[in-house]
1. Can you tell me how much longer the chain between E52 and L113 gets when fully stretched, taken as 0.36 nm per residue apart minus their C-alpha distance, in nm with one decimal?
2. Shape verdict for the stretch 80-156, please, from the Cα gyration tensor: rounded (a/c under 1.5), prolate (a/b greater than b/c) or oblate.
3. If you place +1 on the Cβ of every Lys and Arg and -1 on the Cβ of every Asp and Glu, how big does the dipole about the Cα centre of the stretch 1-124 come out, in debye to the nearest 20?
4. On alpha carbon coordinates alone, what is the Rg over Rh value for the stretch 1-129, Rh being the Kirkwood radius?
5. At T157 and R140, where each label point lies 7 Å from the Cα along Cα→Cβ, what is the point-to-point distance in nanometres?
6. Suppose R0 equals 22 Å; then what is the FRET efficiency for I36 and S63 from their Cβ-Cβ distance, rounded to the nearest 0.05?
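Just so you know, all these numbers are worked out from the coordinates, no wet-lab data involved. Bear in mind that the values here come from a model prediction, so they are computed numbers and not experimental data. All Cβ positions, even for glycine, are placed from backbone atoms using ideal geometry, and neighbour counts span all protein chains on display.
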Amino acid sequence: MPPEFQSGDILDYGCGQGLFLASLLKAGRHAFGCDIEIDQIVNPAVRSQAVEIQPWGFPPVASVILTVSILDVIEHHVNPNAFLLMLKNHGVRHIVCKVPIVEGPLYVLSTMLARFRIPSTLYGLYEVGDPAPHVTYFSRPGITTLFQKHGFRLRKTMPITEVGAELPRRMRTVSVAVRSMLYPFLWLAGMSLAALSTFGKSDSQVFYFSGDEHSFSSSKSGLKKLSLGTLLLAFT
């Protein structure tokens, strides 16, 4: 059931506040992160394991990076193909990717509201006005096809609950007065969305991809077992 990852460092690309990186380090993994700014990482020990990069660049490292986590990252890129090609050219063989998906109940609800000229929730999902908005919303088949194009096969997938009772607070584009008035209904909607994830209806999905033998040169040396559960500590 758990896949085998080849030995090497784990790179948390776009590590943000370093929460997932901290989980990896706590689990004893040899991991580090990168982002365009690392000042947002509060923990000094975790920040020492992160490096700053140019937008969408690859960190200057001496070690071999075989495993990369990209959690809420690729949907911000205007050219996902170029990004995956960069990772592949740097020898990356295993990718754990978390993205919001169009099949999610919140996205479906948002598009329905937009048809009734209530676009605020949809604007919020795309993070309109944010310095780094969401450029793309992927479908499950769409992101699988994207990775397959670059030689990465889907090995495992799992739904992630992202919205619950906090839904009213997350609707930042809706005025405080309207949110207060609709709070009971929004709270109920958020809890319903969270419950749907039990049946696989989640707003985000985690995908584990690994390279095809035909697309990458294989190496049998130094194999280590690393469960997907360990790599996804932040979400279990």
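1. 18.0 nm is the gain from fully extending E52 to L113.
2. prolate
3. 260
4. 1.04
5. If labels sit at T157 and R140, their model points lie 0.5 nm apart.
6. 0.55
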